[in-house]
1. Tell me the Rg and the Dmax, in Å, that the Cα atoms of region 81-182 produce.
2. Just the number please: accessible area per residue for region 1350-1403, 1.4 Å probe, all protein chains included, in Å².
3. Expressed in nm to one decimal, what extension gain is obtained for the pair T1232 and E97 from 0.36 nm per residue of sequence separation less their Cα-Cα distance?
4. Any chance you could run the full-extension gain for H958 through A989? It's 0.36 nm times the residue separation minus the Cα-Cα distance, nm to one decimal.
5. Considering only protein heavy atoms, what per residue accessible area in square angstrom results for region 314-400 with a 1.4 angstrom probe?
6. Taking every alpha carbon pair in region 1319-1398, what does the distance histogram look like in 5 angstrom bins from 0, in percent?
7. Kindly write out, for region 1097-1106 in residue order, the coupling ³J(HN,Hα) from the Karplus curve 6.51 cos²θ - 1.76 cosθ + 1.60 (θ = phi - 60°), rounded to whole Hz, with x marking Gly and Pro.
8. Just the number, please: carbon plus sulfur as a percent of the accessible area of region 1267-1356, 1.4 Å probe, no ligands or DNA/RNA counted.
Amino acid sequence: MDKDQVNRVIEGLQSDLKTLILETRKKYTSVKEACEEVLSKLKNSYGSSHLTHQTLRSITNPALYPLIQGCETKDPKLTKVCLGAIQRFITYDLLDEKGAKYVINVMWLLMENNIDEVKVLQTAALLLTTSNLVRGDSLSKCLVLCFRLHFAKDATIGNTAGATVRQLVSLVFERVVIEDASSNEEPPALVDSSFSGGSKEFIKLPDSPLKALKPFAQDAFSLFQDLVMLVNGDQPSWLIGMTEMTRTFGIELLENILSTFYSRVCALVIKLFSPNVKSQYRIAIGHQQQQLQTQQPITTDKPFFPVSMRLLRLVSVLVQKYYSLLVTECEIFLSLIIKFLDPDKPAWQRALALEILHRLLAQPLLVKSFCQSYDMKPHATNIFQDTVNSLAASQAALTNSTSSSSPLINTVSMGPGISPQAGFYYRGVWIPICTVFTSGQPKATFLEMLDKTDPPSIQDGYCMSVAYACLLDVIRSISLVVQNTPCGNASDSSALLDGAPNEKTSIDDDSFSIQLVNSSWCGLLAALTLLLEASTDETSTENVLKSLQTFASVSGRVGLTTPRDAFITALCKASLPPHYTLTVLNASSPGTVTSRGKHSFFVCLLHLIVAVGSPLPTPSQPAGCQQGPVVLTAKNLQCMRAILSVAHCHGAVLGSAWHMVLTTLQHLAWILGLKPSSGGSLKSSRPLMESSSATLVPSTAAVLADLPVLSSMLSRLFESSQYLDDVALHHLIDALRQLSQEALEVAYSNREPSLFAVAKLLETGLVNLNRVEVLWRPVTNHLLEVSSHPLNRMREWGIEAITTLVRSAIQYQHSTSLKENQRLQTLLISPLNELSSTSFADVRQKQVDCVLHLLHSSGDIISFGWPLFLNIIGAINNSQGENSIRSAFQCLQLVVTDYLPILPWNCLPLAVETTGKFGSQTQDLNVSLTAIGELCIDERPAVRKSAGQTLFSTIAAHGDLLHHNTWQAVVWQVLFPLLDNVKKLSGQASDVKVDTSGSMLIHHSRNTAQKQWAETQVLTLSGVARVFQTKRLMLQSLDEFSRAWILLLEHIENSALSKNSEVSLASLKAFQDVLSTTTKCNSSESNGSGSHDDFVWNVAWKAWLQIGTLATSPQKEERVTYIPSQPFLTALVLIFPGLFQYIKSRFGSDNLQMLCTVLQSAVSVPVHGEASPFILPSVNDPVLTPLQEGVLLCMDTLQRDFVSGNELMKSMIPALFYQLLVFAGFACQAPTYGQLKTKSISSFKGMQVNLHSCHIKQSPEWVTLNYVPFGEKCLTMAVHLYGKTCQEEVVNQSQVLTSIIRCLRLPLSLKYDCTSQTTWRLAVHSLLHVLRLGLPMARLRPDNQENNINVQEAMLPLWTEITLALDEFLFPKSVPLANQTPEEIQSDELLDCQVMELIRDEILPQANFYPPHFISKIMGLLSKGSIHLVPPVDSETGPKLREEFARVCFEVLLQFSLFHEEKQQQQEQTKIPSGNPSQVTNQLAITALLDRFHKVLAAFAQDAKTSGQSPMPRYRTAEIAFTLQGLSSLISALKKIPTTKVNPLTWRQLISLYPHLVELTAVDSTRIGRNLRDALCQYSDLLQPPAATASTSINGT
């Protein structure tokens, strides 16, 4: 303690003593004198500067005496002061052990006299928690004091004392933990991780319990022992003075101790078995057992439910934490709990027992201990078996009970689209699942009702829900125990099994696992089968199915076939319809529930019927037996998925049960209509509509979506067989062979068999080719038997399976190369050879087809199988038919022509003999590739064509056989020399027509040598490109592939620039082919070099760019010699999108500029007049040409990648915008192509008509394309791109918005003079869209003042472009078309109004963000629009009035003139200063509005004078009435604000209108008169102008 604390203690003590002196000066003089004596001593020592905590204790010890005396007076007022002072002593650790005893004694006195009980409890708690002074008898007396106060009559005192007792009891055992930690005997842990560690510690303790324990441990032992005695009604030996104790409170304390201080209480429990206390504890245990057994409380004054519930909680703790110490007692406890499940027990008692069992059985460690300690002992009770059987019996009893159940129709929701309620329905009893449990995490409801005194009511279905969850967790625990898997959910165990094995294991693991399964499987099977049959919802069914799968797997794992088969049988039966005839499942297994009567059929009604089908015939049924249709429900399919799951995941342990599983799956697939398809997979063969009914078949309507899933699951099941060991694989194959044998027997009786087994044999063989020797003989021998069956369908599948297996096995990459493995080759080909013994022609045809396929695909590896192949080929005779003989001869030809050099010498005589069977037909290939190349440049076109076709077809067919060096020669000695020669000879060919006299006619496209060589050039270039396309992987391995690639692209480039359109177009086709092949190769090769790919694509991009640049560049000469055709340009442009995907990572702004140049030049190319009727659409036809579509595709590809790309790509977005806007301008102004003179399509088509009618021949003309649809598409794309990128910094910095509006000005200014009226309408919609997006971005201001000024200067062109665009569109120089309909006129005016609405909504409300000159021009537009009313020149052809537009302009002016006045008034009321920009804007609006008023009033007054008696036109009358209304509103608004705030100029403008108003009084019009009167009334206060002041006006003047 520091000095300040010491002083505070002394000051507080002095204050308390002074208070006592005042209170005791009259009545308790002795206390007063003692206080004065102590006070005098404190005053003498208060001034000392060397006071410490120890000296303070010596000074203050005497002060305790008057405090004790004060408490002994029993005066409440004195007692309160004294106890407060004592508490201060305790807090500052100023008491010694003697003083603590005095304090306890005086607290006992106060307790007995019922004085200040709460203060006493506080003092007791403080005394025990702050120090360890109180031990032994003093501690006992303090605890007794608190216990007695707990049973006081005052509820508040009792509750406070109860909380204090719980705190102090826990404190007693916490002292033991601290005591052990201080002695370093063991780590201070509250909970041990295993029983074994604690047991080793207990063995070291001596027999005498108290002498062996430390002081705090002795206190804890004595307390624990007395609590047990008190609960059992005996007198305590340590807690002397206890007069009352409730059993519920004692049990709660014991439970808290046992569960919280597990490691420390274990030693105390061990001591209870010592000789001097063992008998006494046995009596206590006996009392608990007696109470549980007799169901009667020992004391009759306490309720029954609270005691029983707490006893069961205590039993739960004992079993969970002290099982290893109380094995015999736990056996008795578990037996008693099992008896609680009897049906005659109360419902709440059964619920408590179920909750306890659930809590215990969910822990794998306890399940293991139960089995080891009881079921495996020869003379012990089979506790675990009895527990499982009791759970099953209680569940059956619950389903048979009808007391709390209601009719099904009232409790279960039925019907389509309604999810069934979770629960179980069995024999008329509906039991809902009212509580959902997480697996391995039990939760108690009634065990936690510590505040209940009466037995609670049990909800319907609660017991069933707990029993159901308990059964599932039992199986989970068994599975974890058998698999030696750590259990993370067990509450008090960190591992399922001990980490370190003992030197000698007491129980063999295998025998233990077997006993665990044997003890539980019968009860679990009966219970789960019943639950599966009675479940009505998908979730419950799925949980039960998973449990069945798990236990079946566990049974198979430990080698118990009977329980495994029983559980598999239960799954199989549940998946089939009720009463389904299946012999393999009808033999009842032990423990299997086999009764499925009316109840099963009625439960089917609770589930959706998803399939209706016919049953599969079986050999056990008579041949003429007919079975009716059967139905499958959703529950059946759910069970089917469970069977697939157990077979897929646990196939290694199924063994002989594979037969049951596969039989069930075969029948289900048959009912569902799943038939085998190629590869062995199953597909639905059932049509959507039955022929005999016009309604949808239920089976396909409900299960159609599930059939592909089920088929896929079946395929994955057999694909997973590759992970089975060899023994399990043989079990699977044997089961499939048995099924297939049964199908053969059915087929012999002329009934349709199932091909399921044959298909799955094929599928299993295909996925296990890595161990083909294990399965080959059993599989192929059976398939050979199937192939000789007389039924065509069966035979077809047999031969299909054999040939597929042989082909796949030979092509499979075996660990040892098949080419060098003679034994394996013979094994694989032998089944194919054995097919020669059959006489069926279809089988022999399939056999020969398989040989032909193998020769084509794998002939190079058949090194030892040639004799078998030649035998198969030679075995074909005339009886097999013409097709078989032809196919066999093709095989022989292939052997002789391709494989004769590699045949072994001993096979040559056999080959000759086989050849002789087909006749003396021999052929050899002696023409080399070089000779074919020479023929390709022969002078005769027909020879060149045939030679070229032969050359390239030969390379395509046999190129794979060529070696690396041969390919090198083919490329550099044949292909490229051929290209060079053809190019040279084509350039030298004559263009003179060929003389055709005396020979057949020649088409005009081939009537010159030059055209004929062009055909050769096309054939050669296409052939070489095809070689690079098909043999790319082979060519890429050549050393000089890069040079070959460059050279090929050079040839393509030169050919593409040819003046011959056929050659140029074919070269682009070749270019596209080689690029597409490059794409496939790059996507299929994962180990390719990245630098090599970059080289390939860079060369391709340069070639494309070179072709595009040279082909589309306009010629500078006046005389045009060549202009590329539209198909050529289209093909060129369409190459780019695919090419761009591989060069975009290196695509820069320079590349984009060159690309845009090519695209713009290409799209600007005109069309020859002779071809225009076949290419060009009409002017009014909004159809794009293929070339324009290709250009748009390129631009779309660029914009999509730029928007989603990196920063480099995003930096090119402005350049893309500019190119799109250039294309958009083509809609109004078609591009030119160099100096070439062209005509528009409309004029050219008119000229064509005139020429045709006059029969005048003209020289061909060049015609410009129709660019209107193209330009509009580009404009739309630019607008959409701006919508995506308007927030990008690079877009805003590049002034893209300014460029867009500048582009839009042309169609907006032309308006009605546009080529197509859709152009300007699209332009105005685009303008509105981009302004709504761009204006908010333009209003943003940088924080930096300098940057703000720079931004404002950069934005000046934008404001100019906006005002010009709006002005030119709203007040165009063009006039509307004469043939406009009223609807079109109204639609055009609506567009004008939408522009005004944009100004009203987006510009004027944010005027302070825009430059003043911009706002001024906007106001000028509004004023101009409001008076833009001209009298009609001609009712038919003159300009139409835009009355609605003028009205909108006027309303906007009026709105923003009045808006400021109202805002000014609000600011005056709220004293908010107005902003200067807003004042300027509104003053501009007022000035423009008054100017508009003046012009309209003056003009109308003048016209009214000159018109005489003639009435004014309607539109003039409407205009003047609207003007008068606006004038009245404006004056009224101005008068509401102080006159000093209005510009004097405004008043003068208003007063100047007064004479015109007076002149209007002469006009005879009711409408005008009413509005005029209102306006004149507003002038009543304005007869004199207001006096000018020096205050600030609206516009600041």
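The values are calculated or read from the model by the stated rules, or taken from the named source; none is laboratory data. Small disclaimer: the values here were computed from a predicted structure and weren't measured. With ideal geometry, Cβ positions are generated from the backbone for all residues, glycine too; neighbour counts draw on all protein chains shown. Just the protein is used for accessible areas: all its heavy atoms, side chains included, with ligands, DNA and RNA removed. Shrake-Rupley method; radii C 1.70, N 1.55, O 1.52, S 1.80 Å.
1. Answer for region 81-182, Rg first and Dmax second: 13.1, 42 Å.
2. On the way: 2570 Å² over 54 residues.
Accessible area per residue, region 1350-1403: 48 Å².
3. On the way: separation 1135, 0.36 × 1135 = 408.60 nm, distance 11.44 nm.
Contour length minus the Cα-Cα distance gives 397.2 nm.
4. Numbers: separation 31, 0.36 × 31 = 11.16 nm, distance 3.35 nm.
Once the chain is fully extended between H958 and A989, it gains 7.8 nm.
5. Working: 2540 Å² over 87 residues.
It amounts to 29 Å² per residue over region 314-400.
6. 3, 11, 20, 21, 14, 10, 8, 6, 3, 2, 1, 0
7. 6, 5, 5, 4, 5, 5, 5, 4, 5, 5
8. Numbers: 1970 of 3940 Å².
Reported share for carbon and sulfur atoms: 50 percent.
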